[in-house]
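Chemist: Got a structure here, written out as structure tokens. Questions coming.
The values are calculated or read from the model by the stated rules, or taken from the named source; none is laboratory data. Only a predicted model underlies this, so the values are computations on that prediction, with no experimental measurement involved. A quick note on method: Cβ atoms are made from the backbone with ideal geometry, for glycine too, and the neighbour counts reach across all protein chains shown. To get the accessible areas, we keep the full protein, side chains included, count just its heavy atoms, and leave off ligands, DNA and RNA. Shrake-Rupley method; radii C 1.70, N 1.55, O 1.52, S 1.80 Å.
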Amino acid sequence: MPLLGVNIDHVATLRQARRGSEPDPVRAAHEAELGGADIITIHLREDRRHIQDRDADRLKAFVAARLNLEMAATDEMVKFARRLGPHMCTLVPEGRREVTTEGGLDVAKDLARLRGVVRRLRDSGIVVSAFIDADERQVESALNAGFDACELHTGPYAAAFASAGGDFSRPKLWESFDIVRGAGALIRSRSMRFNAGHALNYLNVGPIAGLPGVAELHIGHAIVSRAVFTGLRQAVADMKAAMSSATHGTELPA
Ligand code: PXP
């Protein structure tokens, strides 16, 4: 089963709504760990709309799980990451107006610059991952740029799952799943780590968790949403259970 990275940005979003001190992302990380989180994921955005610099420092100090810092590939963020020293940095594109990360990083277009960013992070002992669309050209470019890992954007799969009601005999769902599967196989054949995330939830996670060689899933919104009713520890434990559930329905239809 892949490792679970729990994204706790939304806990900080709630705190920032009042610019107060609660709910505390460090407490959230602790609860997530007790529920079985293997990785704590945070996105330090340029506009600091949720996670703040101080949260990252406190999480680094207090969290036993691996810390994954999602960030834009800017000079400011590279300096910050090198000082912080998380286990992994996931480079993501960042749009000021977006509600959440909208698409994958265009590694192919920005290859030369990204190569430098990856080198600087790797020189500090940080594992570097590219959040990309499930696209052959992007995978090959990520390899070229020196990334250790690729996180495939599962948003299109999740959207197809929702519109097909999870019925894998519907071609659109099958096709979008197969695109992730194919890109995942390519990542592995290039000896990079295969991670996935975005818009995964308790219903659609099973088939992705069952993909051959998938190492990590990064999940935020669905877990924090459930936590409102069950508490975060239980919501994380439920996601681990959903990840280990059967991958039934994902074989190629006859
Ligand atoms: N992976 C990446 C790179 C992301 O930017 C996000 C959203 O912050 C996630 C995973 C988690 O997505 P979701 O909140 O939809 O589970």
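Chemist: Would the range 192-207 turn up any residue that is in contact with a Lys or Arg (Cβ under 8 Å, 6 or more places away or on another chain), under 25 Å from residue 12 (Cα atoms) and either in a helix (DSSP H, G or I) or of a type outside the set (Val, Ile, Thr) (or both)?
Modeler: Scanning the range 192-207, I find at least one residue that is in contact with a Lys or Arg (Cβ under 8 Å, 6 or more places away or on another chain), under 25 Å from residue 12 (Cα atoms) and either in a helix (DSSP H, G or I) or of a type outside the set (Val, Ile, Thr) (or both), so the answer is yes.
Chemist: I've got another one for you. Are any of the residues in the range 94-111 open to solvent by less than 10 Å² (accessible area, probe 1.4 Å), in a helix (DSSP H, G or I) and under 30 Å from residue 57 (Cα atoms)?
Modeler: no
Chemist: From 231, 182, 213, grab the single residue that is over 30 Å from residue 122 (Cβ atoms) and more than 16 Å from the ligand (Cβ to nearest atom).
Modeler: Selected residue: 231, the only one of 231, 182, 213 that is over 30 Å from residue 122 (Cβ atoms) and more than 16 Å from the ligand (Cβ to nearest atom).
Chemist: Could you look through the range 119-172, keep only residues that are part of a strand (DSSP E or B) and of a type in the set (A, V, I, L, M, F, W, C), and pick out the one that is surrounded by the fewest Cβ atoms within 10 Å (Cβ to Cβ)?
Modeler: Checked the range 119-172; the qualifying residue surrounded by the fewest Cβ atoms within 10 Å (Cβ to Cβ) is 127.
Chemist: Going by what's in this entry, would residue 94 be described as within 15 Å of the ligand (Cβ to nearest atom) and modelled with pLDDT under 95?
Modeler: Yes: the conditions hold for residue 94.
Chemist: Please state which of the following conditions residue 47 fails to meet, knowing it meets all the rest: (1) open to solvent by less than 50 Å² (accessible area, probe 1.4 Å); (2) within 20 Å of the chain's Cα centre (by Cα); (3) among the acidic types (Asp, Glu).
Modeler: (1)
Chemist: Also: Just need a number here: residues in the range 20-65 that are in contact with a Ser or Thr (Cβ under 9 Å, 6 or more places away or on another chain) and in a strand (DSSP E or B).
Modeler: Summing the residues that are in contact with a Ser or Thr (Cβ under 9 Å, 6 or more places away or on another chain) and in a strand (DSSP E or B) in the range 20-65 gives 2.
Chemist: Can I ask one more? Filter the range 194-248 down to residues that are touching a Gly at 6+ places or on another chain (Cβ under 8 Å) and basic (Lys, Arg) and give me whichever is surrounded by the most Cβ atoms within 10 Å (Cβ to Cβ).
Modeler: For the range 194-248, the residue satisfying everything is 233.
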